[in-house]
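Here is the structure we will look at, set down as structure tokens.
Just so you know, all these numbers are worked out from the coordinates, no wet-lab data involved. Keep in mind that this is a model prediction, so the values were computed, not measured. Note that each Cβ is placed from the backbone with ideal geometry, even for glycine, and that neighbours are counted across all protein chains shown.
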Amino acid sequence: MSDVILEARDVHKVYGGVRALNGLSLSIRQGEIHCVVGPNGAGKSTFFKTLIGVERPTTGQIIYKGEDVTRLPAFRRARRGLSVKFQNISLFAELTGLQNLFVPLRRNHPKSEIPARAAAVLARVGLAGTEDLPVRYLSHGQQQWLSIGLSIAADPDLLLLDEPAAGLSVEETARTADLIRHLNASGMTVIVIEHDMGFIRSLRARTSVLHYGRLFAQGEFDEIAANEEVRRIYLGAA
Ligand code: ADP
């Protein structure tokens, strides 16, 4: 079995006359944390959308666990273990964190198991003790972690996070990095799409830099941070 869990092969995406992706090829290894960065307009969001299946590439392929999923709708990819946390969170503010988790858990588990499973997910994302609080009383960071909880409720193999540290305090950002490492240590492959290099630095993960819809550089974070060309196109622009 290949150690690659997800691969983009020569992906192009054209919107009208705009080439959002222009021959992007990149592989995500099974079990890694992989950060995807790049300046505004580099194609990160478009790449994210083609991975999860809300946009189809104009040409090229997305291969997930050895299967060509380019034309597979998002919900079918989710059933195969690919989960997403979007930047904008959608939680039920008047329900508790536990109750919010009932919703995704109900799809896969018998009713009798759901409260215990929901409590376990809440603890996994560092929110033990908040079980009975309506979500509107949680901090922004806690709401982000609960939202990650919703995304991992079905025990995905691959978790995609879209700018998970956006709008968080320094301390919350550090806790988010810890949470990502913790999930990864339990076997989950994690892809983090991020604009903020500071957060990526704290993850110290393999990093791909996109520029003009292509893979511009790839390597361990320290290599990327030391790469003069990357500094020029990315850090200079940030
Ligand atoms: P990033 O997330 O790195 O900022 P995007 O994927 O959002 O980059 O955008 C890449 C390029 O594609 C940009 O030039 C953007 O304006 C363009 N683009 C993205 N989505 C659309 C769309 N729906 N229609 C037209 N152009 C788009």
Provide Rg and Dmax in Å for the stretch 26-113, with only Cα atoms included in the calculation.
16.0, 47
Under 30 Å from the Cα of K44, which lysines turn up, not counting those fewer than eight places away in the same chain?
K13, K65, K85
Set Lys and Arg Cβ to +1 and Asp and Glu Cβ to -1, take the dipole of the chain about its Cα centre, and tell me which of I200, L51, L95 lies farthest positive.
L51
H211's amide H: which non-local residues (gap 5+, or another chain) put their own amide H closer than 5 Å, with H modeled 1.01 Å from N in plane and none for Pro or chain starts?
F216
Percent of all Cα-Cα pairs per 10 Å bin for the stretch 103-238, counting from 0 up to the last occupied bin, reads 11, 37, 30, 15, 6, 1
Is there a quick way to get the dipole size of the chain? I mean about its Cα centre, with the Cβ of Lys and Arg at +1 and of Asp and Glu at -1; what is the value in debye to the nearest 20?
740 debye
Selection from V14, I33, F86, by position along the positive dipole direction of the stretch 4-115 (Cβ)
V14
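Could you list E7, E32 in order of exposure, starting from the residue whose Cβ has the fewest other Cβ atoms within 10 Å? Intermediate values should be presented prior to the final figure.
Working: E7 18, E32 15.
The most exposed by this proxy come first: E32, E7.
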Rg(Cα)/(2.2 N^0.38 Å) for the chain, N = residue count
1.02
Under-5 Å amide H pairs with V36, H placed in peptide plane, nonlocal only:
V192, I193, E194, S208
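Neighbour counts of other C-beta atoms within 10 Å: give me H34, H182, H12, H211 arranged from fewest to most.
In increasing order of surrounding Cβ atoms, one gets H182, H12, H211, H34.
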Ranking of S25, S45 by count of other Cβ atoms within 10 Å, fewest first
S25, S45
